[in-house]
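Structure, as C-alpha cells:
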Amino acid sequence: FPSHDNGIMQSKETTTPIVGTFIGIAISVLLGWALYKGSLKINIGKFFRYSGAALVVVAAGMFSYAIHDLQEGGIIPGAETHAYDISSIINPDGVLATVLGGSINFSTEPTVLQVIFWFIYFIPVTYLFMKQSSQPKKLNS
C-alpha cells in the first residue's frame with residue numbers, strides 16, 4: 001500500500017510499473033522493426049477498421065466520463081442514480097478495473113445518464129463508421 005513520507009506519496013512496489021513500461025516499449029520497438037523489415041505483413045485496411053472501431057469505444061467512454069464529471073460538479077443531476085453495480089464481480093481497485101478504466105473509461109458503478117449517453121454516442125458513430133468503412137473506395141482516373 002502507498003505510504004506518505006514528507007507529503008510525498010510513495011509506493012513500495014515501484015518496480016512493477018517500470019518493468020511494465022519497458023516491456024511495452026520493447027514490444028513496440030520489435031513490432032515497428034518487424035513492420036519496417038517486411039517480415040510482419042498486415043492488411044492496412046483491416047488494421048484501421050479495427051483500430052478505428054476501438055477508438056469509437058474509447059471516445060464513447062470519454063463522453064460517458066464527461067457526463068460523470070458534469071454530474072459530480074452538480075451541473076447535471078443523477079450522480080447518485082447508478083445503472084448497475086458490478087463491484088462485487090470486478091474489484092474497482094483491481095488490475096482489471098484499472099486497465100479498463102484507463103483505456104475505455106470503464107466504471108463498475110456508472111450512473112444511468114452515463115450509460116444512456118454512452119449509447120447515444122456509440123450507436124450512431126458506430127453506424128456511420130461501419131457504413132463508411134464498408135463502402136468501396138472510388139479511384140480517380
Kindly provide the set of residues from segment 53-88 that are small (G, A, S) and surrounded by 10 or more Cβ atoms within 10 Å (Cβ to Cβ), ordered by number.
A53, A54, A59, A60, G61, S64, A66, G78, A79, A83, S87
If a residue has to be over 23 Å from V95 (Cβ atoms) and part of a helix (DSSP H, G or I) to count, how many in segment 20-54 make the cut?
19
Please go through segment 129-141 and give me each residue that is part of a helix (DSSP H, G or I) and either of a type outside the set (K, R) or modelled with pLDDT of 90 or more (or both), ordered by number.
F129, M130, Q132, S133, S134
Working only within segment 70-128, note down all residues that are among the small types (G, A, S) and either farther than 24 Å from L55 by Cα or not in a helix (DSSP H, G or I) (or both).
G73, G74, G78, A79, A83, S87, S88, G94, S107
In segment 1-47, what residues are farther than 30 Å from M130 by Cβ, surrounded by 10 or more Cβ atoms within 10 Å (Cβ to Cβ) and modelled with pLDDT under 80?
Q10, S11
Determine which single condition Y50 fails, assuming it passes every other condition in (1) touching a Phe, Trp or Tyr at 6+ places or on another chain (Cβ under 8 Å); (2) hydroxyl-bearing (S, T, Y); (3) open to solvent by 40 Å² or more (accessible area, probe 1.4 Å).
(1)
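The values are calculated or read from the model by the stated rules, or taken from the named source; none is laboratory data. Computed from a predicted model, the values in this text were never measured in an experiment. In this analysis, Cβ positions are derived from the backbone assuming ideal geometry, glycine residues included, and neighbour counts consider all displayed protein chains. Ligands, DNA and RNA are stripped out before the accessible areas are found, and what is left, the full protein with its side chains, is counted by its heavy atoms. Shrake-Rupley method; radii C 1.70, N 1.55, O 1.52, S 1.80 Å.
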